[in-house]
Every structure is written in C-alpha cells, then in structure tokens.
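Bear in mind that the values in this text are calculations on the coordinates, not laboratory data. This one's a predicted model, so the numbers in the text were calculated from it and none came from an experiment. We place every Cβ from the backbone using ideal geometry, glycine too, and count neighbours over all the protein chains shown.
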Amino acid sequence: MAEKLLEVNNLKKYFPVKAGIIKRTVAHVKAVDDISFYVNEGETLGLVGESGCGKSTTGRTILRLLEATAGEVLFEGRDVMALNKSQLREIRRDMQIIFQDPYASLNPRMTVADIVGEPLDIHKLAKNKKDRNNKVKEILENVGLGAEYMNRYPHEFSGGQRQRIGVARALAVDPKLIIADEPVSALDVSVQAQVVNLMQDLQKEFGLTYLFIAHDLSVVKHISDRVAVMYLGKIVELADKRELFKNPIHPYTQSLLSAIPEADPKKKKDRIILKGDVPSPVDPPSGCRFHTRCPKAFDKCPIIEPEFKDYGNGHYAACHLLEE
Amino acid sequence: MSKEKLVEVKNLKTYFYTEEGVVKAVDGVDFEIYPGETLGVVGESGCGKSVTSLSIMRLVESPPGKIEAGEINFKNKDLTKLSNKEMRKIRGNDISMIFQEPMTSLNPVYTIGDQIAEAIMLHKKVKRKEAMRQAVEMLKKVGIPLPEQRVKEYPHQLSGGMRQRVMIAMALSCDPQLLIADEPTTALDVTIQAQILELMNSLKEKYGMAIMMITHDLGVIAEVSDRVAVMYAGKVIEYTDVDTLFEDPKHPYTWGLMNSIPKLDRDVDRLEAIPGSVPSPLNFPDGCKFNTRCPLAEGKCYEVEPDLEEVVKGHKVRCWRYKELEKIKQRGERIYSNGGVLG
C-alpha cells in the first residue's frame, strides 16, 4: 500500500469582495469550498476543471502561497498550516511548483544559472560557487538543456525551453512533490509532448509525486494515475483515470468528456451540450452547485448538497442521482 | 469538383519589413474554398495562419506589413487589386471575421446593440430603428437569451461565451458568403467551446456560408472541416479532405502533430514528440523549412524547397520524402523518438 504523501482535508479558500469607501467585506468568492483528497507517494493526481473552478487556488493554498480560510493540509503527516516561517521554508524544499506561463514566471534580468541556482542559495544546498555551478549544470542536463545555456537570459529561449527552465528550478532542491499548474497549456502542440515526456522521465528517475493541474483532459488522462474533477470550488468526481474516463458517473464529468473535440473526423460523438455558463463563485447556486446546468437535475438538487462519497473502488462522486 | 470556387488564393506572400529584417510570415500560400464548405487551417503559432486570413480581409497593418505577391480571387475578383473603398464594401458584407479574444474585439464603451446595428447600417442602408430590430433578431439566432434586454448591455456584462456569440451575430448580420474564424474557441472553456462549435455548424447549414476555420487544435479541425490546409513556416505543407488527412497524413510534420497529442480513447505510455521548435521567421533554413526538426531529412531536403505537389488525386503534400514516410507507416514504425530527456 502506497503512503500518502499529501493529504488535504476540508480545504477552503474564500477571497473577500470589498466595496464602499471603508472597504467593507460585502461577500466572499468561494474559490475553493471544502475539498478533500490525498496524493500517494510517486503517483500523479490530475486536477481538472474549467476556468474559475478553483484548481489553481487549490495548488497555491497547499503551498501556502495563499493562506487557507479553513481546512488541513498534511505533508508527510505534518500540518502545513501550523508551520512558522522558517519551518515553512524548510518544507518548501520538498514541495515545489511549476507555473503555466513560461514567459511571466522567469525573471528576465536573471541568467538561467541564477534562476536555477537561486533555490540552491535559499536552501543553502551548495557548498561553494563551484559546487553551485556543477549542480546547476547537472540539473539543466536533467531537463535536456546543455551547460552552454547557463549564462543566457530567458528571452533567448523558446517557450518549450523556458518551461524546461521552470522545471529545472523546481527540481533544483530535490523536492518530493511538484505542483504543476497548467505546465503545458501555453505551449505549442508539438512542444507540449516534449515537456510531458520530460516530466514523466523525471518522475521515474527521481521518484517524484505530481499534482498536475490542467484544463486539458487528454493531457491529464495521459499523465495521471488518478483524476479529480472540480466544478465551482468543489471536487465532483475523483477516480482512477481509466475508470473515470471509461465510466464517468457525475453528469458534469460526462458532459465535460463529451465536449472535447477529438482528433478523429470519423467519430461522431453523442454530445451532451451544457446550457449556459458557469455561475459566479461569489454567490454559488444552492444545493448541488451544478444543478443550474445539469441535464439530469431533479427536485432534491437545488435544496440539498450531495455528499462526496466512495461508490466503490475509490471512485468518489458527489451526486444525488447515485444515491437513488 | 465542378462547383464554382468562392475563394481562390494563389501564391500569396505577405511580408513584414521590420528593423531586424524581412519577416516572411506568409510565403507562397495556395488554397481554395468552395461555397458552403469549411476549410480548416491548422498550424502552430507563427506559421502564418492568422496573417493569411488578415491578408484576405486586407487588415494587415501597412507598414510594416505588405502583400508582396499573389492573388486572392473572391468570386472571380482579385481582392488585392481593389481600392480601399471597394474593399470596405466587401469586408463585413461579403466576408466577415471573428477573432480569438471577443473582449478585445468589442468596443467597451458602446452597447452590443449599437455595435451590431452599426455594422448593419453601414452595409444595408436601413434606419437605426430597423437596424436595432435586426440586431435583436441576430442575437436571437445565435442563442442569446433575452435579446431585447441584452442589446442594451455593454460587453463587460457578458461572459466569454456570450461575447463570442455577439461577435458571431455581428459577423453574420449582413449574410456573408465567407466567415473567417480565427481561433474562435481558443479562449473559451471546453463546455462553452462545444456550444460555439455547435452554433457555427448549425448556422453554416442554415445560411450556406463558407467558413475558413483557423485553429491550432486538431480536435476542432476534425470536428468542423471539410478540407484542411496544414501550415508550417508560412507555407501550406499538406492539403486534402479531412478524412484523408487524419487517416493518411503524408507530411512528416502532420504525422508528428497527430502523434504528439494524447488521445482519449487510446492509452500510450509515451508521446512522440517533434524535437526542437519552430524556426524564427527571420532565420528560416534553406531547403525545406521543416528540415531542422524532421527525422527523415536528407541531402536534397537541405538544399531545395519542395513544391506543394498533388501526389494522389485531391491530396497535396510539400515533401521530398513522403514515400519514405509511407514505407515507415506500413512497417508500423514511428519516426519520432518517444524516449530520452532530449526528446
């Protein structure tokens, strides 16, 4: 049985909406609203959902780049929320993040050697300058960039190469968990595959655990072991990836899967086209949050919130239809 | 095909004269569109697919851009020869366009009703009141609920999907014969994308217009196109009907693209990645422009650029080595590496 590396219990993150001259809080954006899941050591958990569903906020709150409103995050059994500043710095050696935009997440005034070397400095992992240099060289080689790139600046690289630098920076401190927040969505199709392959290689080589956040279901399916689907701040379904893609039980997952255009003109899919847009997370619908768009909603759905339960073999979902 | 061509683009070249040098964004593009059909144009960023469409609409900023050579025949009229005034009559009337980012394409200080009505009044010579009535009608056609109310709203009051519907309403308000859609669903979520694609398909059937669909997403291409032009580095490198393209891609680049995306219905351990990245348009290689990334490239590929040649009836490809790819495919082998960090 694999060990749980990361455990998230009842995590909530509300952002205050302020108005008026004295900036009184008038409402809250419930970006993440009571979600629980765990990630086993060495596995990849995919977190998917449309824009505004709270998947990125989840990633950031776990790392305490954002402070949670409520809930618990356990990393190797340690409560991340209770840590003080220096303990937090220490634990971040083990938890790193890769961002979506390879253009915005690298400091344009720093050379690649300094970008990748900075985490080594912060965590005092290099004995001296020469050691630091050697380490940086080794990390860059691990992500497929030669030592000749060390003294170049981010603008000299293509998008795919920049994302490799972002991966190298995360890798520098030899972490256990990497939270990858849409790491390939800004890249061209032909380059996406390079970065996905790279991440898989590194996982094998260094025994990494990934929380892979993305909106592209086919990429998530490819890289993940298990997949969690989010809608308006909640996880609506979570299962082993094969199970989830073959046998989705939540109506939202079903329509999401049917909406993906597939690169096969012969295949005419039975599409479940959802009506309307995702409602605002400021004042989310009562009961089940999906009931305003759900093709199968019935009287109970707008009133009572469905429970997130295991429907066998670790296939979790939150839907009243399943309880019938 | 005996049908009359609606659009015929011949050897189109659009260059940008920048301080760093001449950017040959579109460098000899040929294709045609028949009435009522959808031509998919697919390629990665910088391949010239958007500049091609802007050239047709004559929306390339000049300077620095310039249509250097070629013809754009629309209903047997060469658009490149028309005056700006004549072009204005065609733009928005016979040919309309929708863009990727609906928020930046709509004017934030006018109501959406005003903006649709403006397009109608410009081309149809009707009074404002009638134009407004038609605007409401158009919003209804694109599936916007409560259109009478929505015409009075401003773009920021609408969601991304709704804004794209407004753009489509505006584009269709003068019954164009050709709709150019430049990545119309890229900024939208999957469930909203499905709504918009369905809307476009149903409107196309209803009004019989032709669509030029520009996208980087092979899934969208498979979904909506009748024929497809694959672009790379300013040129069309493969051109055929959609079924043939997906069944029997003949260019190593097309083949690579299709194998580098994960499939929902098939599990592979690793993706086949095309190595390297798209060359800078300031610094294209000699010979075939794909030679820097092509595993099949050899002698001739580095010296002479291949033509877009019809190798099977209705299937054109720009490659010296397509027969080699054929053999490899028959042997069931892959041409791109799927291993190693250097991928």
Inset, instruction - Report the relative contact order of region A:1-128, percent, no decimals, based on alpha-carbon pairs under 8 angstrom and at least 6 residues apart. - result: 24 percent
Legend entry - Residue-averaged beta-carbon neighbours from other chains (10 angstrom radius) around B:262-275: 6
Legend entry - Most positive-pole-ward Cα, A:Gln161, A:Leu145, A:Leu120, against dipole of region A:108-174 from beta carbon charges: A:Leu120
Legend entry - Coil-residue trypsin sites (Lys or Arg not before Pro) of region A:73-131, DSSP, other Cβ within 10 Å capped at 12: A:Arg109, A:Lys124, A:Lys127
Legend entry - Overall form of region B:1-127 per C-alpha gyration tensor (a/c, 1.5; a/b vs b/c): oblate
Inset, instruction - Output the relative contact order of chain B, whole-number percent, from Cα pairs under 8 angstrom with separation of 6+ residues. - result: 19 percent
Inset, instruction - Using the number of other C-beta atoms within 10 angstrom as an exposure proxy, rank B:Val236, A:Val32, B:Val9 with the fewest first. - result: B:Val9, B:Val236, A:Val32
Legend entry - Cα-centred dipole magnitude for region A:108-174, charges only on beta-carbon of K, R (+1) and D, E (-1), debye, nearest 20: 140 debye
Legend entry - Kirkwood hydrodynamic radius (C-alpha pairs) into Stokes-Einstein, the protein assembly as shown, 4 °C and 1.567 mPa s, D in µm²/s: 48 µm²/s
Inset, instruction - Please work out the C-alpha center-to-center distance from region B:175-221 to region B:106-123 and express it in whole Å. - result: 21 Å
Legend entry - Percent of beta bridges antiparallel (DSSP, the protein assembly as shown, rounded to nearest 5): 60 percent
Legend entry - Taking region A:136-262 and dividing mean pair separation by its residue count, relative contact order in percent (alpha carbons under 8 Å, at least six apart): 17 percent
Legend entry - Share antiparallel - DSSP beta bridges, chain A, percent rounded to 5: 60 percent
Legend entry - Sorted by Cβ neighbour density within 10 Å, fewest at the top, the residues B:Met87, B:Met57, B:Met162: B:Met87, B:Met57, B:Met162
Inset, instruction - State, to one decimal in nm, how far the label point of A:Glu243 lies from the label point of B:Gln330, with both points 7 Å from Cα in the Cβ direction. - result: 4.6 nm
Legend entry - Shielding by partners - mean other protein chain Cβ count within 10 Å, residues of B:193-203: 3
Legend entry - Violating pairs (Cα-Cα greater than 18 angstrom) within the set B:Lys235/B:Lys289; B:Lys140/B:Lys204; A:Lys275/B:Lys141; A:Lys4/A:Lys176; A:Lys176/B:Lys263; A:Lys234/A:Lys309: A:Lys176/B:Lys263
Inset, instruction - Let me know the shape class of region A:108-174, please: from the alpha-carbon gyration tensor, a ≥ b ≥ c as square roots of the eigenvalues, rounded when a/c is under 1.5, otherwise prolate if a/b is greater than b/c, or oblate. - result: prolate
Inset, instruction - Write down the radius of gyration of chain A and its Dmax, each obtained from C-alpha positions, in Å. - result: 20.9, 69
Inset, instruction - Classify chain B as rounded, prolate or oblate from the Cα gyration tensor: take a ≥ b ≥ c as the square roots of its eigenvalues, call it rounded if a/c is under 1.5, otherwise prolate when a/b beats b/c and oblate if not. - result: prolate
Legend entry - Loop sites in region B:3-82: GluC sites (Glu not before Pro), DSSP, at most 12 other Cβ within 10 Å: B:Glu4, B:Glu19, B:Glu20, B:Glu61
Legend entry - Residue order, fewest to most surrounding Cβ atoms within 10 angstrom, among A:Phe206, A:Phe308, A:Phe212: A:Phe206, A:Phe308, A:Phe212
